[in-house]
Amino acid sequence: MAENSITFGDGSVILLEKEKLQESAIIIKIKNKTNIESIITSDYDNFSFIDVLKIYRHKSFTVYIGEGSYGGDGFIYLTDNKSSELVWFAFFDFSDPFVDVIINNDQIITTTNNDRNWTFLLKNPELINVE
């Protein structure tokens, strides 16, 4: 999938960027909205392989987390347990690998190998909090 983005099951993509660092906090904002067809056509050579490091099965969805082809890459993706279809997939080239995951009500909290917590809202994963 595209770097620094969230891809949804319907093919829509939200491109994200790291806005700035404030006292070691990462602020992420929406850069653009597009679709997977446009990304494949324009940026096909910039894709990464992924390695799943952990799988967490919840009652209605399954969460996969891990790393990409390079040392700083991390990803998280959700599939619907009934249909096995993609709900959303987030990939970052600056996060570091995600190695642990906790489900807390409507949030997914992932931890990187550098002990940073990334919190994603289930229904609005583009609203990311990094601590």
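Every read-out reported here was derived from the displayed coordinates using simple, explicitly stated rules and does not represent laboratory data. All of these numbers come straight from a predicted model, not from anything done at the bench. Positions of Cβ are backbone-derived with ideal geometry, glycine not excepted, and every protein chain shown enters the neighbour counts.
Between 49, 88, 114, the Cα set farthest toward the positive side of the dipole of segment 5-130 (charges on each charged residue's Cβ, about the Cα centre) is that of 88. Taking θ as phi - 60° and the Karplus parameters 6.51, -1.76 and 1.60, the scalar couplings of segment 59-68 work out to 4, 10, 8, 10, 10, 10, 10, x, 10, x Hz in sequence order, x denoting glycine and proline.
Shown in residue order for segment 92-109 are the 3J(HN,Hα) couplings computed by the Karplus curve 6.51 cos²θ - 1.76 cosθ + 1.60 at θ = phi - 60°: 9, 9, 10, 7, 6, x, 8, 10, 8, 8, 10, 9, 10, 6, 9, 10, 10, 10 Hz (x for Gly and Pro).
Tell me what the chain gives for mean residue ellipticity at 222 nm when only DSSP H runs of n ≥ 4 count, each as -39,500 (n - 2.57), the sum divided by the residue total, rounded to 500 deg cm²/dmol. For the chain, the value works out to -1500 deg cm²/dmol. Extension gain, residue 105 to residue 31, is 23.9 nm, computed as 0.36 nm per intervening residue step minus the present C-alpha separation. Under 5 Å between amide hydrogens, built in the peptide plane, is the criterion, and for residue 95 it picks out 74 among residues at least 5 positions away or on other chains. Taking label points 7 Å from Cα along the Cα-to-Cβ direction, residue 129 and residue 70 give a separation of 2.9 nm. If you run the Gaussian network model on the chain, springs between alpha carbon atoms under 10 Å, then out of 104, 35, 117 the most flexible one is 104.
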